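Notes to accompany the following structure.
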Amino acid sequence: MQPSASPFDERLTAPRSWWFIAFLIGVACALVFLPLGTLPMLGGLAGGAVLSAMAVSSYGSVRIRVVAGTLVAGDARIPLSALGDAEVLDAEEARAWRTHKADTRAFMLLRSYVPTAVRVKVTDPADPTPYLYLSTREPEALVAALAAVPA
């Protein structure tokens, strides 16, 4: 957990191998432009690598925070008063909840490269969402932060 003013703040960054793949996409773009000369090849390398790195950075910049009585998960902001019990999901249970146990109405902040997760029940009767599925590398810390902050 990163030091911050909130009891929980985590950024789900993309794995290092994705950055290498972004570079390889740049190399592939360079090879496409190779018959046109050196400058177009270098432009393809730079352009392909930059665009794919921007895509990796964008996908890997999602944050989960508990701040000011609110759970902020990506673009979603949910008041803690609308949430019920939180459950830590190990890798096997998390896989089950994102496959055969999943509910299509659930809010899922899913990152395939993060094996563990937290499932938080939604208790607001006006909200049709049954639960939140949040991929997190620190599920125990997130559950503790949700329990510690008064709604």
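The values are calculated or read from the model by the stated rules, or taken from the named source; none is laboratory data. Keep in mind it's a predicted model, so treat the numbers as computed, not measured. A quick note on method: Cβ atoms are made from the backbone with ideal geometry, for glycine too, and the neighbour counts reach across all protein chains shown. The area values use the complete protein model at the heavy-atom level, side chains included, leaving out ligands, DNA and RNA. Shrake-Rupley method; radii C 1.70, N 1.55, O 1.52, S 1.80 Å.
Summary of computed values
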item: Residue check, residue 117 aliphatic (A, V, I, L, M) and within 22 Å of residue 148 (Cβ to Cβ); result: yes
item: Candidate set from segment 140-151 (those that are closer than 19 Å to residue 69 by Cβ and not in a loop (DSSP other than H, G, I, E, B)); member that is nearest to the chain's Cα centre (by Cα); result: 142
item: Which numbered condition residue 8 fails, given (1) surrounded by fewer than 16 Cβ atoms within 10 Å (Cβ to Cβ); (2) among the aromatic types (Phe, Trp, Tyr); (3) modelled with pLDDT under 90; result: (1)
item: Scan of segment 119-139 for residues that are assigned to a loop (DSSP other than H, G, I, E, B) and more than 13 Å from the chain's Cα centre (by Cα), ordered by number; result: 123, 124, 125, 126, 127, 128, 129, 130
item: Cβ-Cβ under 9 Å pairs, at least 6 apart or on other chains, segment 82-97 side basic (Lys, Arg), far side open to solvent by less than 20 Å² (accessible area, probe 1.4 Å); result: 95/89
item: Any hit, segment 34-41, residues being touching a residue at least 40 places away in the same chain (Cβ under 8 Å), among the hydroxyl-bearing types (Ser, Thr, Tyr), in a helix (DSSP H, G or I) and open to solvent by 80 Å² or more (accessible area, probe 1.4 Å); result: no
item: Selected residue [crowded, with 16+ Cβ neighbours inside 10 Å, modelled with pLDDT under 95 and touching a helix residue (DSSP H, G or I) at 6+ places or on another chain (Cβ under 6 Å)] from 62, 114, 66, 118; result: 66
item: Residues located in segment 17-33, provided they are aromatic (Phe, Trp, Tyr), open to solvent by 80 Å² or more (accessible area, probe 1.4 Å) and in contact with a helix residue (DSSP H, G or I) (Cβ under 8 Å, 6 or more places away or on another chain); result: 19, 23, 33
item: Residue match in segment 76-97 (condition: open to solvent by 80 Å² or more (accessible area, probe 1.4 Å), under 18 Å from residue 10 (Cβ atoms) and of a type outside the set (D, E, K, R)); result: no
item: Any hit, segment 81-104, residues being part of a strand (DSSP E or B) and among the charged types (D, E, K, R); result: yes
